[in-house]
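The values are calculated or read from the model by the stated rules, or taken from the named source; none is laboratory data. Please read all numbers here as calculations on a predicted model, not as lab measurements. For neighbour counting, all protein chains shown are included, and Cβ atoms are generated from backbone atoms with ideal geometry for every residue, glycine included. Protein only, heavy atoms only, side chains kept; ligands, DNA and RNA dropped before computing areas. Shrake-Rupley method; radii C 1.70, N 1.55, O 1.52, S 1.80 Å.
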Amino acid sequence: MTSFIDEVRITVRAGDGGNGCLSFRREKFIPRGGPDGGDGGRGGSVIFKVCDRCSTLSDFRYKKSIQAERGKNGSGQNKHGKAGEDVVIPVPVGTVVYVENEPLALCDLTQAGQEYLVCKGGRGGAGNARYKSSTNRAPRQTGDGEPGEILDLRLELKLLADVGLVGLPNAGKSSLIRVLSHATPKVADYPFTTLRPYLGIVEVGSYSQFVMADIPGLIKGASHGHGLGLRFLKHISRCKILLHCVDPVNPEKSVLESIEEIQGELREYGRECVEKRQIIVITKLDCMTESEGRDLLKSIESEMKEKNIFNQKDVAVVGISSQQKQGLDVLRRLVVDELGLSEGF
């Protein structure tokens with residue numbers, strides 16, 4: 001299985017331009033043919049292109065330096081040098097390109113087929129034929145090719161998903177995405193079973209679908225680098241809505257404490273994550289009776305309003321059981337309404 005790599009550092013270098021040629025025409029019966037040195041070719045450029053077949057940045061795992069071809073030198077008889085070939089680097093959808101140690105992104109590649117020229121090849125030097133004039137009939141000067149651009153880059157992959165699953169470890173996120181889509185993340189009864197994000201496509205009727213992302217479990221301090229959270233919080237920033245999964249039978253935390261902890265991490269991380277529309281999903285309802293489940297949902301709704309956890313925003317609360325496929329239709333319909341896909345339901 002391909003390793004999921006979502007951040008790499010590489011050095012890219014465009015090709016230098018070729019040098020111009022110093023040459024004079026030499027042919028029989030033409031004693032003073034004049035300058036005929038050709039120009040050097042331009043250097044190859046480095047281009048990023050979105051490829052829908054790529055899903056991670058694993059191609060850069062061992063390839064840390066990429067260089068385009070140098071332009072060929074010019075030659076006599078006004079022959080210009082051949083341009084260096086461009087290097088087209090395939091990257092997955094959602095790749096963000098940064099110059100190392102710079103906060104602003106060079107480009108954000110979010111559409112299949114999208115291209116961005118990141119390093120431009122150097123211009124070729126002029127041959128001596130370019131310097132011929134009425135006062136300089138036999139120029140002996142030429143131009144050197146310009147050097148190609150060199151950049152140290154940081155590539156980040158931010159998954160493009162409509163819906164992101166967030167919550168503490170073992171909150172039932174992986175089980176939920178498995179039952180709603182064809183994604184197959186590992187499911188087990190120990191923390192941090194999911195070590196990489198998973199994408200699943202959820203079909204809605206015959207003509208609509210949305211993409212769901214299973215994000216590894218967050219813990220307190222994730223926004224400051226604790227656990228696996230900081231590495232994967234960036235994937236949440238692209239999601240349109242968040243499904244906040246909560247385990248109601250967690251012996252260490254109450255439902256409300258779990259919700260407040262994750263909300264605090266989203267607020268600390270920033271990037272407007274806490275402002276996204278959310279749906280609270282109470283998982284594992286099969287572990288309690290039907291009446292206990294109803295009472296729990298009502299108490300959670302009232303406690304959230306009382307503590308104003310979501311700043312007066314109306315946040316839906318739904319209970320599900322992935323194992324018994326209970327409440328999934330209600331949850332799916334809520335997501336569809338939030339995404340504006342109701343017509344295709």
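Each residue, residue 101 and residue 326, gets one label point 7 Å from its Cα in the Cβ direction; the gap between the two is 5.8 nm. Of all lysines in the structure, the ones whose alpha carbon falls short of 29 Å from that of residue 313, not counting any fewer than 8 places away in one chain, are 158, 173, 220, 234, 240, 253, 276, 284, 298, 305, 325.
Which residues among the stretch 40-57 fall inside the zone where the amide N is under 14 Å from a point 7 Å beyond the Cα of residue 82, along Cα→Cβ? Inside the label zone: 41-44.
Give me the number: length gained by fully extending residue 184 to residue 289, i.e. 0.36 nm times residue separation minus the C-alpha to C-alpha distance, one decimal in nm.
On the way: separation 105, 0.36 × 105 = 37.80 nm, distance 2.87 nm.
My answer for the length gained is 34.9 nm.
Which residues does a label at residue 275 reach in the stretch 103-121, if reach means a backbone N under 15 Å from a point 7 Å past the Cα toward the Cβ? What the label zone holds, given the 15 Å backbone N cut-off, is no residue at all.
From most to least packed by mean Cβ count within 10 Å, the peptides 5-15, 52-62 give 5-15, 52-62. Amide H to amide H, with H built 1.01 Å from N, residue 89 comes under 5 Å of 47, 48, 49, counting only residues 5 or more places away or on other chains. Each Lys and Arg contributes +1 and each Asp and Glu -1, all at the Cβ; summed about the Cα centre of the stretch 79-185, the dipole is approximately 620 debye.
What FRET efficiency would be calculated for the residue pair residue 333, residue 150, taking the C-beta separation as r and a Förster radius of 45 Å, to the nearest 0.05? If you can, show how the numbers build up before the last one.
Details: r = 53 Å, r/R0 = 1.18.
My answer for the efficiency is 0.25.
Magnitude of the Cβ-charge dipole of the chain, K/R +1 and D/E -1, about the Cα centre, nearest 20 debye?
Details: 47 positive and 45 negative charges, 512 e Å.
Rounded to the nearest 20 debye, it is 2460 debye.
Set against the labelled values (i) 19.9, 61; (ii) 20.5, 68; (iii) 29.4, 109, Rg and Dmax of the Cα atoms in Å computed from this structure falls on (iii). Accessible surface for the chain, divided over its residues, is 53 Å² per residue with a 1.4 Å probe. A simple spin-label model places pseudo-atoms 7 Å from Cα toward Cβ; at residue 249 and residue 25 they are separated by 9.3 nm. Mean residue ellipticity at 222 nm, helices only, the chain: -5500 deg cm²/dmol; runs of at least 4 DSSP H residues each add -39,500 (n - 2.57), and the sum is divided by the number of residues. A 1.4 Å probe over all protein chains sorts 80, 182 by accessible area into 182, 80, starting with the largest.
Positive end of the dipole of the chain (Cβ unit charges, origin at the Cα centre): among 109, 90, 174, the Cα lying farthest that way belongs to 90.
Say the dipole of the chain comes from +1 at the beta carbon of Lys and Arg and -1 at that of Asp and Glu; which of 44, 73, 328 then lies farthest toward its positive end? Of the candidates, 73 comes out farthest on the positive side.
In the chain, the DSSP beta bridges split such that about 55 percent are antiparallel, to the nearest 5. What you get for the stretch 20-126, charging only the Cβ of Lys and Arg (+1) and of Asp and Glu (-1), is a dipole of about 720 debye around the Cα centre.
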